[in-house]
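Everything below concerns the one structure shown next.
A short reminder: the numbers here are calculations on the coordinates, not readings from a lab. Source: prediction; values computed, not measured. Heads up, the Cβs are rebuilt from the backbone with ideal geometry, glycines too, and the neighbour counts pull from every protein chain shown.
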There are 2 protein chains.
Amino acid sequence: MRGLTADYQLTLPAILRRAESHFGYREIVTRLPDKSFHRYTYADMVRRTKKLAVALGGLGLEKSDRVATLAWNSYQHLEAYFGIPCSGVVLHTINPRLSPDDLAYIFDHAEDKILLIDETMLQLLDSFKDEVNLEHIFVISSDGSVPDSAPDGLESYEDLLESADESEFEYPDFDENDAAAMCYTSGTTGRPKGVTYSHRCICLHSMAAATPDMLGLRERDTVMPVVPMFHVNAWGLPFTAAMTGARQVMPGPHLDPESLLENLAQERVTVTAGVPTIFFGILRKLDEDPDAYDLSNLHDMIIGGSAAPESMIRAFKERHDLNVLHAWGMTETTPLGTVCNLTSEKEELSEDEKYQVRATQGVPGPFIEVRARGDEGFAAWDGESMGELEVRGPWVTGAYYKDEDPDKFTDDGWFKTGDIASISPGGYVEIQDRTKDLIKSGGEWISSVTLENDLMAHDAVAEAAVIAIPSEKWQERPLGVVVLEDGKDVTEEDLMSHLAEKHPKWSLPDAIEFVDEIPRTAAGKFLKRALREQFKDYTPTA
Amino acid sequence: MRGLTADYQLTLPAILRRAESHFGYREIVTRLPDKSFHRYTYADMVRRTKKLAVALGGLGLEKSDRVATLAWNSYQHLEAYFGIPCSGVVLHTINPRLSPDDLAYIFDHAEDKILLIDETMLQLLDSFKDEVNLEHIFVISSDGSVPDSAPDGLESYEDLLESADESEFEYPDFDENDAAAMCYTSGTTGRPKGVTYSHRCICLHSMAAATPDMLGLRERDTVMPVVPMFHVNAWGLPFTAAMTGARQVMPGPHLDPESLLENLAQERVTVTAGVPTIFFGILRKLDEDPDAYDLSNLHDMIIGGSAAPESMIRAFKERHDLNVLHAWGMTETTPLGTVCNLTSEKEELSEDEKYQVRATQGVPGPFIEVRARGDEGFAAWDGESMGELEVRGPWVTGAYYKDEDPDKFTDDGWFKTGDIASISPGGYVEIQDRTKDLIKSGGEWISSVTLENDLMAHDAVAEAAVIAIPSEKWQERPLGVVVLEDGKDVTEEDLMSHLAEKHPKWSLPDAIEFVDEIPRTAAGKFLKRALREQFKDYTPTA
């Protein structure tokens, strides 16, 4: 016997229709390249999105062909987020920070037919244009024209819209399992791998993200995704915001702390989201001038992408009364997996203990399941036992595009994240390390992340990475690599005693090296592979 | 191209597993028949639920067989909510307030194989037991035994659990479209009709219900469903609470205002839900003794089932600082369709205007779509044009059980609610009437609900119903039927002038009749059919 529920499909056209029917009055604000503000409403967005879908329909694409974007967060990119999937083809967001080589690889691998590109990213084209096979390239620009400096053959995004009549748009009926979007991982090893998102997966992710123990988004919120729309759907925020009717503020190409703080204050943003690097900058700026910005509307700063150190979470709260919501996810999980809202049993904890909990990755969203696979079966949920985090759920990918790297998926439907985690009673996940960054010393595991966080908790430390260096005796040993705060100084010995307050002696780094900067991936994460290469023959001088 | 999302099914076993993994410490409180409190945790609930599922598995049932419950809100009923669907059969909750004739009809129609029944409802058995064909009847009782007074052949629910070993339970993999539950409508005309709920539909309803612009439920909430668990899944609250980890307080058979207020205060309930009748009683009690109960934790009282008059919403807020969340749904919509949270554009309204908005049924949840079909096409969303409300979405039924009354479903996938509604800009739905209760006077439609609400806004009026009486000249004319507040008095003329402040003369009732009580359906709604019968030959005396 079946449940006789209507055969209603969870699709992006349904979200677009909801935005049109209910939230036409709600505003979408974009910071343009010249730093002025562009404002329009969801009603305008829907009208132009329909034009885009109709126009794409006239370009001879076939169902599920890929249309790529290389663009900052903007209203036009939002139009692409809905217009491309609502015309039956697949939105393929591309990370402009990848190497030209990886960019060409991705275009080729995804077989993109069309590209929408920001005028501010045109210089990227030179490096890979001859390698790829695109039928059309449309330029998104503030004045609607193709800049004179652009290569020949480029077309205008505004002209594309202009060519179409939105009244020709009919809401399509897709199977919810059809692909709506795709994104490539920006892995630190090997080639990027493609992850495809079904309409269903994005819709379920949007509903779950809106629940109060995940992000708690609603119509009266104003959401500013700082996390780029080329990076795992900007954590799904543009979709969740459209579903809930939340106002959206798009920072455009301006990701410097000053511009972001101006947006947060002037536009009375209630929820923002980005990687720790962005918030390090914001924190520094606020510390310099604590009264310059009225952030009284801002109730949550969602930090993910890599771990937010406890010291940062504490600093925002204690010095600026700002709440950090720690989140974890991956390209393969659409991306939200866990969010760290404190559950009721944590109410009794001391403030210090609460900060410790807030620095974990938190509890899985509804229908997301986690387990940690250790060397001997699954790790107990005791907050200490470690294993490789495995995850499953309705918005967790079941395979990479073109079936690459099938070993990342278990036979019983779980995705192997490559993260080493412990899980506490109640199900709080704490990422201890990437599998490949874990330091295996004399049969014990040392978490580089924990050491990094505790190094960064020191006043004089701006950034810290801990990597494994080869050791004949122990197999591997930790090495600390530290960037100092401007104008501050500290000795290796001081940092060692600082760490020794919390860590057993055998797990302390063999040495600390001071550097000017730590190399990063295109997604802003530490590129430890490069550090390991740099220090592979390292011998402590002490 | 498909989105390569893992083939994860949305099922009740996934919710049960989540409650077990994450919320084992959280409490479930039940008011027992003797008014004492029973307390245990989700961990206990899951253990006993597994026993129930294993025990049911040993009774020779086949997949999708129906297991019925006749029970108040209690921890045992919660065990049935999960244990029955998690053993692969269908939870069929039955309304004990139905007539013996309808009860026998429903058992027969649903072909129930097993019944779980509360000891407090055993007397119901006499009236229909010989008409039905049940293989087992298990009695839920406080001391675990079958009362001596019970008919022969009844078995003990506790013995059933005792017979099973929870370690034999394995989480099953169901197709999310398999039936999990069913419930019959308590229609005011014709036989009850069966609605079946798939696992998917309950899971999606649970996620949507938790979003902040619907009910906004989270782990730190304590939820008390006063709406009975035999009534459309207690509006899904037991499922949503288990998914979010919210604490649950079950009032058992004690639905009197005093017991409910004791529960709300002592158990620090944050969210409760029920029909207007329940809240009329609570309001009266609070008015009598405003300081007797500390309700400072209670942030939302969800009222649905029938319309909450604006006067009640206002009285709770102004006199007791309590927030009413008005909701609308039907058995056919699992049931949540719309909830009235004020969207940002309503912020500018005056307090009076806000109350007017709060008295509407509110905005559809995510993926729920509404339209109002008038005599000439669909009604404009102008807040005035009326039509029959049609609804579709992933938890709206697509057919009745055994395909009865197929005319209620349109060819393009919408359910015809039988409610007459207007829809405002922004999509606020206002139910004006049931189709059959609408008064058609000289080509104009008169809403009985609006007149009723305005009558009930009068100090001296406890309850009011407005029905159509036949008129040769106008086809139909309205008649008001009023129950006075204890100890208060008012004349027909006074009530007419009161109504004339808001309503045009032609739409005023031809007369007002004073009665001692208004007949109600098993679900507590006005039984207008009976009133129309009573007054069918009515001629105004004035």
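Listed peptides A:237-245, B:486-494, B:10-18, B:329-337 appear in the order A:237-245, B:329-337, B:10-18, B:486-494 once ranked by packing, highest mean of other Cβ atoms within 10 Å at the front.
Over the range A:20-90, the alpha carbon radius of gyration divided by the compact-protein estimate 2.2 N^0.38 Å works out to 1.17. Compute the helix-to-body angle for B:257-266: its Cα long axis versus the longest principal axis of chain B, expressed 0 to 90° and rounded to tens. The angle comes out near 60 degrees.
Counted by neighbouring Cβ atoms within 10 Å, the residues A:K505, B:K354 run from fewest to most as A:K505, B:K354.
If I model a spin label at B:Q123 and A:D486 as a point 7 Å from the Cα along the Cα→Cβ vector, what separation in nanometres do I get? Label-label distance for B:Q123 and A:D486, simple model: 8.2 nm.
Please work out the FRET efficiency for the pair A:E353 and A:E517, using the Cβ-Cβ distance as r and a Förster radius of 35 Å; give the result to the nearest 0.05.
Once rounded, the FRET efficiency stands at 0.55.
Among residues other than A:Y355 whose Cβ falls under 12 Å from its Cβ, what is the net charge (Lys/Arg +1, Asp/Glu -1)? Net charge in that neighbourhood comes out at 0. For A:T539 and A:S497, a Förster radius of 25 Å and the Cβ-Cβ distance give a FRET efficiency of 0.65, rounded to the nearest 0.05.
Principal-axis analysis of the Cα atoms of chain A puts helix A:310-320 at an angle of about 70° to the longest axis. Taking only the Cα atoms of the protein assembly as shown, the ratio Rg/Rh comes out at 0.99, with Rh defined as the Kirkwood radius. Across identical copies of the chain, A:D412 has label-point separations of 4.7 nm, listed in ascending order, with the point defined 7 angstrom from Cα along Cα→Cβ. Using every pair of distinct Cα positions in chain B, the Kirkwood expression returns a hydrodynamic radius of 24.3 angstrom.
When a footprinting reagent is the concern and you count Cβ atoms within 10 Å, what order do B:E262, B:E219, A:E348 take, fewest first?
A:E348, B:E262, B:E219
Between the range A:320-335 and the range A:462-480, the alpha-carbon centres lie 28 Å apart.
For B:A380, the shell of other residues with beta-carbons less than 14 Å away shows a net charge of -3, using +1 for Lys and Arg and -1 for Asp and Glu. Site pair A:E155 and A:D291 shows an inter-label distance of 5.6 nm when each label is modelled 7 Å from Cα along Cα→Cβ. Reducing the range A:221-297 and the range A:362-436 to their Cα centroids gives an inter-centroid distance of 29 Å.
With Cα atoms defining each centre, the range B:1-73 and the range B:90-169 are spaced 18 Å apart in the structure.
Among B:W235, A:W506, B:W474, A:W414, the order by Cβ neighbours within 10 angstrom, fewest to most, reads A:W506, B:W474, A:W414, B:W235. What would the Debye equation give as log₁₀ I(q)/I(0) for the range A:143-187 at q = 0.33, 0.34 Å⁻¹, counting only Cα atoms as equal point scatterers? Here log10 of I(q) over I(0) equals -1.16, -1.19. Note on chain A: helix-only mean residue ellipticity at 222 nm, from DSSP H runs of 4+ residues weighted -39500 (n - 2.57) and normalised by residue number, equals -8000 deg cm²/dmol. Working note: Debye formula, equal point scatterers on the alpha-carbon atoms of the range A:246-357, no solvent; log10 I(q)/I(0) at q = 0.12, 0.21 Å⁻¹ is -0.43, -1.26. The P(r) of the range A:220-287 has a tail past 16 Å containing 44 percent of all C-alpha pairs.
Counting charges near B:A511 (Lys, Arg +1; Asp, Glu -1) among other residues having Cβ under 10 Å from its Cβ returns a value of -2. With its label point put 7 Å out from Cα toward Cβ, A:P425 sits 5.6 nm from the same residue's point in the other copies, in order from shortest. A convex hull fitted to the Cα coordinates of the range B:1-149 yields 147 cubic angstrom per residue. How far is helix B:42-57 tilted off the main Cα axis of chain B, in degrees rounded to 10, range 0 to 90? That helix lies at roughly 70 degrees to the long axis. In the structure shown, the pairs A:K285/A:K528; B:K317/B:K473; B:K129/B:K402; B:K354/B:K416; B:K317/B:K525 are assessed against 32 Å; a Cα-Cα span above that value is assigned to B:K317/B:K473. Considering the rotation that superimposes chain A on chain B, the residue of A whose beta-carbon lies nearest the axis, and that distance in Å, is A:M207, 2. The same position A:D143 in the other copies lies at 9.1 nm from this copy, comparing label points 7 Å beyond Cα toward the beta-carbon, shortest first. With the convex hull drawn over the C-alpha atoms of the range B:258-314, the volume per residue is 78 Å³.
Considering only DSSP beta bridges with both partners in the protein assembly as shown, what is the antiparallel share in %, to the nearest 5?
60
Summarising the overall dimensions of the range B:439-534 from its C-alpha atoms, the Rg and Dmax are 12.9, 40 angstrom.
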